[in-house]
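Structure first, commentary second.
The values are calculated or read from the model by the stated rules, or taken from the named source; none is laboratory data. Note that the coordinates shown come from a computational prediction; the quantities given were computed from them, not determined experimentally. Cβ placement follows ideal geometry from the backbone for every residue including glycine, while neighbour counts extend to all protein chains displayed. Protein only, heavy atoms only, side chains kept; ligands, DNA and RNA dropped before computing areas. Shrake-Rupley method; radii C 1.70, N 1.55, O 1.52, S 1.80 Å.
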Amino acid sequence: MRYVSTRGAAPSLDFEQVLLTGLAADGGLYVPDQLPEFSLEQIRSWRELDYPSLALEILQPFVEGSIPREDLKTILADTYRDFRHSAVAPLQQLDTNQWVLELFHGPTLAFKDFALQLLGRLLDYMLERRQQKIVIMGATSGDTGSAAIEGCRRCKNIDIFILHPHDAVSDVQRRQMTTVAGDNIHNIALQGNFDDCQAMVKSSFVAPDFLPDGRSLVAVNSINWARIMAQIVYYFYSALALGGPDRPVNFSVPTGNFGDIFAGYLARQMGLPIDRLVIATNRNDVLHQVLETGTYRRLPLEKSLSPSMDITVSSNFERLMFDMYHRDGSVIAQLMDTFASGEIELDASAMAEARGLFASHRVSDALTCQTIARVWSDCGYLLDPHSAIGVAAAGACALGDGNPMVTLATAHPAKFPDAISAAGVLSSPELPAHLADLFEREERYTVLENQLSTVQTFMAEHCSA
């Protein structure tokens, strides 16, 4: 399979090259030149497969020509072996046709483990084969950093630098990053917000020559195609458990950067019967506003009880725009050039198509707390604030079509004790046993000013792999 840039000017690449590239040379994001399509009969035949076996069937076409099937099978079995639930991604029922898909049974208690545990193993496989050393640079609003570090910390050919906004992630999220020992692991607390962190990552990928010894820069954020690819699987897995493909399913997805819900869009394009995808946002509602108005603009960042969604530039939305504009990279390049300094108005016919696939809803902190309390009272199930936003949006956008509505539960509630306390449910939800001593572990991180040159100099001086 070949991959092309959303901005049309970068060369097409194979999977191995895309994995080790991240952002395209023209500033765009890589997507497959053609998606695999599965028949209803094929999808139906997968009903009895466990999670790694299903992942093999769905992901094999994306890596064809780069990873032999048996090697991928081994990688996937190793990836999901250590998840702390035998189903890997279990469903829990909240109400009639209302479900949550638990995506927090990985090592760092967040949905990003699904992609980043796999990404680390894919990188290890490729780098050993190529005898190459790389530098990973990533930005996190909370969960990506710890999942990336956990997925890549054993890779001897990798130095990993993770930027998080200083004093703007939860204590649990920060400690999950900063208490992992390793000379190749570097946590940077940037004196800025997540969008500043993300902008530094993008700028560094455009001009990575600040690194020593000709090392290449690799992305772990969802600009890396492998992240999106891995997330497609659990849409198929949950739909099959609820009667798919003979019964359509709706999904509500708490999202800020549009990566997780874009994976659902891809699942639909690949043949999975999905009626509607609900974009669930917090007060930082850029995605809700663009669906409502057709205008894509930057908004002032506001802190919320759901910090992993405190994002005002949704990087992966560009991938959807590419499809909305009939995969014309030159048009996307012009639009994103305009967006870099202002707002853009999206084509009316493109927006009409998007509204046929997506619904959206903005959820306040107050409603987030009310939803946590209500679900706890109704069925004794504890939601984290991001998952609560998904549940609230699912209720607000209920289609009344009789099909299951699945909310993606993206994090364990113990990661956000302040939000749980604000909801008046529990004062301190317990961390699982493997993280019980988290607050006793030594932290290591460096606070840096919000200057690209300062961050790049730090990175160049601390490569040790």
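Please enumerate the residues belonging to the stretch 83-107 that are among the β-branched types (Val, Ile, Thr) and out of contact with any strand residue (DSSP E or B) (no Cβ under 9 Å at 6 or more places or on another chain).
Those that are among the β-branched types (Val, Ile, Thr) and out of contact with any strand residue (DSSP E or B) (no Cβ under 9 Å at 6 or more places or on another chain): Val88, Thr96.
Whether a residue is farther than 23 Å from Leu272 by Cα, open to solvent by 10 Å² or more (accessible area, probe 1.4 Å) and within 19 Å of the chain's Cα centre (by Cα) was assessed, and His85 does not pass this test. Residues of the stretch 275-294 that are out of contact with any Ser or Thr (no Cβ under 6 Å at 6 or more places or on another chain) and open to solvent by 10 Å² or more (accessible area, probe 1.4 Å): Asp275, Arg276, Asp285, Gln289, Glu292, Thr293. Given the condition at pLDDT 95 or above and open to solvent by 70 Å² or more (accessible area, probe 1.4 Å), answer yes or no: does some residue in the stretch 54-61 qualify? Scanning the stretch 54-61, I find no residue that is at pLDDT 95 or above and open to solvent by 70 Å² or more (accessible area, probe 1.4 Å), so the answer is no.
Gln132: open to solvent by 40 Å² or more (accessible area, probe 1.4 Å) and within 29 Å of Asp378 (Cα to Cα), yes or no? So Gln132 fails the test. Residues in the stretch 219-244 that are more than 28 Å from Leu20 (Cα to Cα) and open to solvent by 10 Å² or more (accessible area, probe 1.4 Å): Leu240, Ala241, Leu242, Gly243.
Restricted to helices (runs of 4 or more DSSP H) entirely inside the stretch 314-429, those with at least 3 residues that are free of Cβ contacts under 8 Å to residues at least 40 places away in the same chain, within 20 Å of Phe262 (Cα to Cα) and open to solvent by 30 Å² or more (accessible area, probe 1.4 Å) are 348-357. Scan the stretch 10-32 for residues that are farther than 22 Å from Asp71 by Cα and either outside any loop (DSSP other than H, G, I, E, B) or open to solvent by less than 80 Å² (accessible area, probe 1.4 Å) (or both) and the total you get is 11.
Is there any pair with a first residue in the stretch 78-95 that is farther than 20 Å from Ala115 by Cβ and a second that is open to solvent by 70 Å² or more (accessible area, probe 1.4 Å) whose Cβ atoms are under 9 Å apart and which are 6 or more apart or on different chains, and what are they? From residues that are farther than 20 Å from Ala115 by Cβ, the pairs are Ser86/Asp50; Leu94/Asp378; Asp95/Asp378.
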